[in-house]
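A.B. asks: Quick one: structure below, then a few questions.
The values are calculated or read from the model by the stated rules, or taken from the named source; none is laboratory data. Owing to the predicted nature of the structure, the values given are computational and were not obtained by experimental measurement. Here the Cβ is made from the backbone with ideal geometry for all residues, glycine too, and neighbour counts use every protein chain on show.
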Amino acid sequence: MPRLEQSSSLALSLSSQEDAIVALLADTCRWIEQNQPQIEPAAGVEPVHIEYHEGWKCEARIAGGWVRDKLISQPSSDLDVSLSSLTGHTYALLLSQYLQSADFASSQLAQHPVFNVAAGGSSKQPWLGSITRIEANPEQSKNLETATAVLAGLSLDFVNLRKEVYDGETRIPTMTFGTPLEDATRRDTTINSLFYNVHTRKVEDLTGMGITDLQEGIIRTPLEALQTFTDDPLRILRCVRFAARLGYRLDDGIWDCLESAQGEGVRAALRDKISRERVGIEVDKMLAGADPHRAIHLLHALGLYPLVFLSPLSEPLKQLPLGSTTVNSDALGGEATVQPAQTALLASCILDRMYRSVLPEALPTLHFKDRRPVQDHPRLELFFDSDLFREQAQGLLAALKDKEQRRRMFLAAALLPLRHAAAHERLEKWCWAGEHVIHHGLKLGKTSTREPLAALYRAADILEQPELDKLAVDHPHSFVRWIPHFSSRGVAQLEDKAIAGLLLNRQPAITDSRLGVNLSSSLLISMVFDLAQRGYSALSDASDVAVGLKDSDTLAPSPSRDLHRAVAQYVTFWHLFVDLWQLLPRAEERPRLDGVQIKEAIGVAPAILTGRIQKNAPNG
């Protein structure tokens, strides 16, 4: 867990690139004070008149995450620059003007390797990207206009120090220029309220709590939690994200707020006031972070799970056919039941234990217990921490080493209660309810998230309990039913290896490089779902399975014997496909015959039969 050591100096160690940017920000402020320039007219730039007066000062501070990460020796390439007396966009435009000025070209800083400007200046400014203005949107709790630009390879956001004034009953504030203290207290957490003054080159902890909380590993709000979350409900999710990422504990004030009667109002504001895009961004960062399981646990413990992973579903949901994620209404079953959120927690827990077994150094170490801690599962930990499991399942677990695959699998685990449930999309079209949440509730990308998740869920149905007998053509649940364009006529004795190869090559839910889907991730998520469903059923059917269960928020896995037997089934399947039959290199093998070759062989253009001929031509 990254912390600021008690004996650590508060002086930041800057890279050459960072040192140059800090110097440039300070020099720009000094140039503005001395020359009091106006914004030069330019196409697409709204005219702005700056009201200068005697004693007018321009101060710049780097705020928030960059300061936090520098103090705890974490990498950071995003800088938030807070201005005392200019809006972010105005300052960014003046910064651009300064970089083009003779004053900058003749300065010592211009000779810095980061800039290296020839005498006389440069109008192209290759180190400064285009400046983008982002308007405020108070109705969505986006209260400040910001400007963004890439400067010398680092991403900078420019914004003014703010003070929020609320009038009467409205929750939409009037934004005015504020003092550094007023700005610091209006941030999400104390560890994100630290400033780095570019003029004095010192860290400023104006809340008086940021440094201490970095040392003790605490996520705390600068004001009362209710006030902070009411101002911007998204801050609840940010607190969860930083707690999971850094391995810090949530302050009691956050728990008190969300567990009190006022917590429902805060959750309602998160649901109604915050755009789903902003929610999706935070959740995506949680799942791509260091400890996605703890993030999912905290969301559930704080009563946020339904708002995040079950929204905006509307009843009734329908039963989705096995192996499907998109169907017409006439293929649906009866009304579907959303499974308890505990199935998602157990699936996430299983993934977490596997993740820790292959990459233990990647996860933060917790030296405390949350008020509602992540439930321990002794049997689960003992099994997945064993050398036997690591040795047997190493290849199968390879997908967890990939950050993007891992993000998708933890999202798949979080959506497990929606398995086999369909939501109405449009007209006669229904889709897997998880797709509906991803698209409408989290606003995540189609090819990055929605389609890969749908493929994982189809694969989980296809590969569930992968008995080797299912490779037989005449098995009642044979894998051949999942092989597109497969005809069993005359192939009753087709070898198991051939069936396995066809399944791997033709079933896009199992193999699709475009979506980053492969046998490792498909088989692994199928195993996780299987184990989670077995574990939840064991708890529901037998009270003596649980060890120390006290409330509905805890789950025990299935007994170790059943766990070992189930895992062995998937590991055996993996070794058969990969080690014995060596099928992975042929997973996306192209057809041996192309259209021209088929035409030459049969003497006529096969037209619509081309695909079928290609798929049934042996690959030898």
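A.B. asks: Looking at this structure, is P476 more than 30 Å from Y355 (Cα to Cα), under 36 Å from the mean Cα position of the chain (by Cα) and exposed (fewer than 15 other Cβ atoms within 10 Å of the Cβ)?
C.D. replies: In short, no.
A.B. asks: Take the residues in the stretch 297-328 that are in contact with a strand residue (DSSP E or B) (Cβ under 6 Å, 6 or more places away or on another chain) and among the hydroxyl-bearing types (S, T, Y); name whichever of them is surrounded by the most Cβ atoms within 10 Å (Cβ to Cβ).
C.D. replies: Checking each candidate, the answer is T325.
A.B. asks: While we're here: Need the failing condition index for Q97 against (1) in a loop (DSSP other than H, G, I, E, B); (2) assigned by TED's automatic domain parsing to the domain that holds D157, just the number.
C.D. replies: Unmet for Q97, out of (1) in a loop (DSSP other than H, G, I, E, B); (2) assigned by TED's automatic domain parsing to the domain that holds D157: (1).
A.B. asks: Follow-up. Pull up the stretch 212-239, narrow it to residues that are in contact with a strand residue (DSSP E or B) (Cβ under 8 Å, 6 or more places away or on another chain) and in contact (Cβ under 8 Å) with a residue 40 or more places away in the chain, then point me to the one that is nearest to P364 (Cα to Cα).
C.D. replies: G217
A.B. asks: Under 6 Å by Cβ, and 6 or more places apart or on different chains, what pairs join a residue from the stretch 174-185 that is buried (at least 16 other Cβ atoms within 10 Å of the Cβ) and of a type in the set (F, W, Y) with one that is assigned to a helix (DSSP H, G or I) and at pLDDT below 95?
C.D. replies: Here the result reads none, with nothing in the stretch 174-185 linked to a residue that is assigned to a helix (DSSP H, G or I) and at pLDDT below 95.
A.B. asks: A further question on this structure: Could you list all residues from the stretch 41-87 that are more than 30 Å from L4 (Cα to Cα) and touching a residue at least 40 places away in the same chain (Cβ under 8 Å)?
C.D. replies: V45, V48, I50, S85, L86, T87 - these are the residues of the stretch 41-87 that are more than 30 Å from L4 (Cα to Cα) and touching a residue at least 40 places away in the same chain (Cβ under 8 Å).
A.B. asks: OK, next. How many residues does the stretch 423-460 contain that are charged (D, E, K, R), surrounded by fewer than 20 Cβ atoms within 10 Å (Cβ to Cβ) and touching a His at 6+ places or on another chain (Cβ under 9 Å)?
C.D. replies: So the answer is 2.
A.B. asks: Looking at the stretch 402-435, which of the residues that are part of a loop (DSSP other than H, G, I, E, B) and in contact (Cβ under 8 Å) with a residue 40 or more places away in the chain is farthest from the chain's Cα centre (by Cα)?
C.D. replies: Per the criteria, the residue is E428.
A.B. asks: Related question: Need the failing condition index for Q507 against (1) more than 28 Å from the chain's Cα centre (by Cα); (2) at pLDDT 90 or above; (3) among the polar types (S, T, N, Q); (4) surrounded by 19 or more Cβ atoms within 10 Å (Cβ to Cβ), just the number.
C.D. replies: Result: Q507 fails condition (1) only.
A.B. asks: Follow-up. Please tell me if A399 is part of a helix (DSSP H, G or I) and buried (at least 22 other Cβ atoms within 10 Å of the Cβ).
C.D. replies: yes
A.B. asks: Moving on to the next point. Considering V67, V22, V48, which residue is of a type in the set (V, I, T) and loosely packed, with under 14 Cβ neighbours inside 10 Å?
C.D. replies: Answer to the selection: V48.
A.B. asks: Now for a separate question. Quickly run through the stretch 281-290 and pick out the residues that are assigned to a helix (DSSP H, G or I) and either in contact with a Gly (Cβ under 6 Å, 6 or more places away or on another chain) or buried (at least 19 other Cβ atoms within 10 Å of the Cβ) (or both).
C.D. replies: Passing the criteria: E282, V283, D284, M286, L287.
A.B. asks: When only residues in the stretch 209-221 that are touching a Leu at 6+ places or on another chain (Cβ under 9 Å) and part of a loop (DSSP other than H, G, I, E, B) count, which is nearest to I72 (Cα to Cα)?
C.D. replies: Selected residue: G217.
A.B. asks: Within the stretch 28-70, which residues are farther than 16 Å from A92 by Cα and either acidic (D, E) or touching a Pro at 6+ places or on another chain (Cβ under 7 Å) (or both)?
C.D. replies: Once the filter is applied, which keeps residues that are farther than 16 Å from A92 by Cα and either acidic (D, E) or touching a Pro at 6+ places or on another chain (Cβ under 7 Å) (or both), the stretch 28-70 yields E51, E54, D69.
A.B. asks: Okay, next question. Any chance the stretch 25-40 includes a residue that's buried (at least 16 other Cβ atoms within 10 Å of the Cβ) and either free of Cβ contacts under 8 Å to residues at least 24 places away in the same chain or assigned to a loop (DSSP other than H, G, I, E, B) (or both)?
C.D. replies: Yes: one or more hits.
A.B. asks: Here's another thing I want to ask about it. Name the one entry in R294, R356 that is over 16 Å from the mean Cα position of the chain (by Cα), of a type outside the set (G, A, S) and either part of a strand (DSSP E or B) or buried (at least 18 other Cβ atoms within 10 Å of the Cβ) (or both).
C.D. replies: Among R294, R356, only R356 is over 16 Å from the mean Cα position of the chain (by Cα), of a type outside the set (G, A, S) and either part of a strand (DSSP E or B) or buried (at least 18 other Cβ atoms within 10 Å of the Cβ) (or both).
A.B. asks: For the stretch 53-72, which positions are in a loop (DSSP other than H, G, I, E, B) and either under 15 Å from L194 (Cα atoms) or outside the structural domain of V159 (by TED's automatic domain parsing) (or both)?
C.D. replies: Once the filter is applied, which keeps residues that are in a loop (DSSP other than H, G, I, E, B) and either under 15 Å from L194 (Cα atoms) or outside the structural domain of V159 (by TED's automatic domain parsing) (or both), the stretch 53-72 yields G64, I72.
A.B. asks: Of everything in the stretch 516-526 that's surrounded by 20 or more Cβ atoms within 10 Å (Cβ to Cβ) and in contact with a Pro (Cβ under 9 Å, 6 or more places away or on another chain), which residue is modelled with the lowest pLDDT?
C.D. replies: Ranking the qualifying residues of the stretch 516-526, first place goes to V517.
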